[in-house]
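Below: one structure, written as structure tokens.
The values are calculated or read from the model by the stated rules, or taken from the named source; none is laboratory data. If you're wondering where the values come from, they're calculated on a predicted model, not measured in any experiment. As a convention, Cβ positions derive from the backbone with ideal geometry for all residues, glycine included, and neighbour counts pool all protein chains shown.
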């Protein structure tokens, strides 16, 4: 009786749907607020010259940013972060395009077995590798070297890079390259002139995700780079602010904020260009 | 990585482009693994004579490990972290958020996604310091606690693992949420409508229709979050330093402490070798599961 009345008045199912929507929105908003709380401190402390860990202690000035932005405390570490990230991302992209091409095109036992090993390697817990890697770097005397660090980070990113790249290449029909071979192009020539331009979007995605993960990486440079003048921002935040007696929380927050901006920008731009799911589609859907 | 015996001239030229990648991975990934097995049988240290000329000590490191109560405690803490943070926390909350966001009002969904994803994309160290300021004495949680007359000023000492589990959920849930959003989006409309026509309740549709369809994504994500959580290091070092004592020293932190705080590199490497083995077993199980899934 009641339900019949409501059906005619509010359109039954529609009103139920609206209730669901309201309830879901409220629950989602509450969770989002909880997720936002830890981030609030970063903004409150960065602009407060007398910042502590408290979020009720507020103030407004740019003093923290002024004292942080100097060549020694900010410029050097950020430049190091940039060199490490760029070097690693370039190396991963170049090596994984080269390696993924034969693995995608030659349907042999070698290819399928290599692919299994690569998939397995992409799951290695890199953190647990770091103590042995430190040992090896000491023995090879390449500890505290930016080149050594880049080589290791590239090696660690390669399994996932090759795996994603192989899936991208496999989705390009081979007819185009075959046409190029007929016209006298070599395999590598066809790869460079036909395949690479076609898969530019995928290359950009892999480059960016590798750049971003190196930019944010703390543990690897923390273990492998000792000299302060070689350390990236991730490590200098920890060593400079975290371990100097009374912590200058305001400066720590200001530095962290500036150091996070490139990564957030990269994410926003990539997401608006390719959509965030494509970034992971390659890695998860396999 | 490629069987050397079977290489013929043609094969060699076909696979030449893989060389740079193979060399890099052999030297920097396989190398450390092999070295860790070797070094775990020596007394190699960070400084002193045994740093340059380590001696073979047989199974001493492994015997010490199995006599070390901290080692078993560390395994237990690692299991707790993976269970509560990765499997229960990130996966269940991620799925819950994916479902919520699919039905919530668009503006709420968009703003919430930005916030949750922001907690995930900010650099590691920044995220860790945010979590520290949130849980430490005089921090955000403590401030809220004092409104209600609760003393939460020493959470990091009293409940280090709980804090680390929560902080890791905060950091990582966005990934699971996005994976599940994509997976749920791919569930064909017709299947859901067929269920609705048959009179199935929304809960029933979710657990009996949608969950089986996205099983593959769930398996993959469970595995990725598990392995990612097995690797958590910075969060623990910055929040608690593995302490108090060894109360929050998971396997990677214990290995690091033994190698660098106590200068027992050989012992630290042995712990790392065991952790790599655990990760390896996980990966093999995962790859097997995906393979059988494909054949179904």
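Given the criterion part of a helix (DSSP H, G or I), modelled with pLDDT under 90 and either touching a helix residue (DSSP H, G or I) at 6+ places or on another chain (Cβ under 9 Å) or within 13 Å of residue B:264 (Cα to Cα) (or both), identify the matching residue among B:51, B:86.
Testing whether each residue is part of a helix (DSSP H, G or I), modelled with pLDDT under 90 and either touching a helix residue (DSSP H, G or I) at 6+ places or on another chain (Cβ under 9 Å) or within 13 Å of residue B:264 (Cα to Cα) (or both) leaves just B:51.
Would you check if residue A:201 is modelled with pLDDT under 85, surrounded by fewer than 16 Cβ atoms within 10 Å (Cβ to Cβ) and more than 11 Å from chain B (Cβ to nearest Cβ)?
Yes, satisfied.
Select, from A:190, A:253, the only residue that is touching a residue at least 12 places away in the same chain (Cβ under 8 Å) and either more than 12 Å from chain B (Cβ to nearest Cβ) or closer than 29 Å to residue A:105 by Cα (or both).
A:190 is the lone residue from the list that is touching a residue at least 12 places away in the same chain (Cβ under 8 Å) and either more than 12 Å from chain B (Cβ to nearest Cβ) or closer than 29 Å to residue A:105 by Cα (or both).
With within 9 Å of chain A (Cβ to nearest Cβ), touching a residue at least 12 places away in the same chain (Cβ under 8 Å), assigned to a helix (DSSP H, G or I) and under 15 Å from residue A:36 (Cα atoms) as the only criterion, which of B:120, B:170 stands out?
Exactly one residue qualifies, and that residue is B:170.
Can you name the condition, by its number, that residue A:128 falls short on among (1) assigned to a helix (DSSP H, G or I); (2) touching a residue at least 12 places away in the same chain (Cβ under 8 Å); (3) buried (at least 18 other Cβ atoms within 10 Å of the Cβ)?
Among (1) assigned to a helix (DSSP H, G or I); (2) touching a residue at least 12 places away in the same chain (Cβ under 8 Å); (3) buried (at least 18 other Cβ atoms within 10 Å of the Cβ), the lone unmet condition for residue A:128 is (2).
For residue A:73, state whether it is over 28 Å from residue B:168 (Cβ atoms) and in a loop (DSSP other than H, G, I, E, B).
Answer is no for this residue.
What are the residues in the stretch A:146-156 that are touching a residue at least 24 places away in the same chain (Cβ under 8 Å), at the interface with chain B (Cβ under 10 Å from one of its Cβ atoms) and crowded, with 24+ Cβ neighbours inside 10 Å, if any?
Result: A:152, A:153, A:154, A:156.
Of the residues in the stretch B:15-33, how many are under 14 Å from residue B:280 (Cα atoms) and out of contact with any helix residue (DSSP H, G or I) (no Cβ under 8 Å at 6 or more places or on another chain)?
Counting residues in the stretch B:15-33 that are under 14 Å from residue B:280 (Cα atoms) and out of contact with any helix residue (DSSP H, G or I) (no Cβ under 8 Å at 6 or more places or on another chain) gives 1.
Does the stretch B:247-266 hold any residues that are in contact with a helix residue (DSSP H, G or I) (Cβ under 6 Å, 6 or more places away or on another chain), outside any helix (DSSP H, G or I) and either modelled with pLDDT under 90 or under 21 Å from residue B:281 (Cα atoms) (or both), and which are they?
The answer is B:250, B:264.
Quick one: is residue B:112 farther than 26 Å from residue B:75 by Cα and crowded, with 24+ Cβ neighbours inside 10 Å?
So residue B:112 passes the test.
Could you check how many residues of the stretch A:51-61 are within 12 Å of residue A:253 (Cα to Cα) and loosely packed, with under 13 Cβ neighbours inside 10 Å?
Number satisfying all stated conditions: 0.
Answer with yes or no whether residue A:168 is within 12 Å of chain B (Cβ to nearest Cβ), outside any loop (DSSP other than H, G, I, E, B), surrounded by 19 or more Cβ atoms within 10 Å (Cβ to Cβ) and out of contact with any strand residue (DSSP E or B) (no Cβ under 6 Å at 6 or more places or on another chain).
No: the conditions fail for residue A:168.
Among the numbered criteria (1) closer than 30 Å to residue B:40 by Cα; (2) surrounded by fewer than 23 Cβ atoms within 10 Å (Cβ to Cβ); (3) more than 7 Å from every other protein chain (Cβ to nearest Cβ), which single criterion is violated by residue A:120?
All conditions pass for residue A:120, except number (3).
Could you check residue B:142 against (1) under 26 Å from the mean Cα position of the chain (by Cα); (2) under 22 Å from residue B:248 (Cβ atoms) and say which number it fails?
Unmet for residue B:142, out of (1) under 26 Å from the mean Cα position of the chain (by Cα); (2) under 22 Å from residue B:248 (Cβ atoms): (1).
Looking at A:114, A:96 in this structure, which one is at pLDDT below 90, part of a helix (DSSP H, G or I) and at the interface with chain B (Cβ under 7 Å from one of its Cβ atoms)?
It is A:114.
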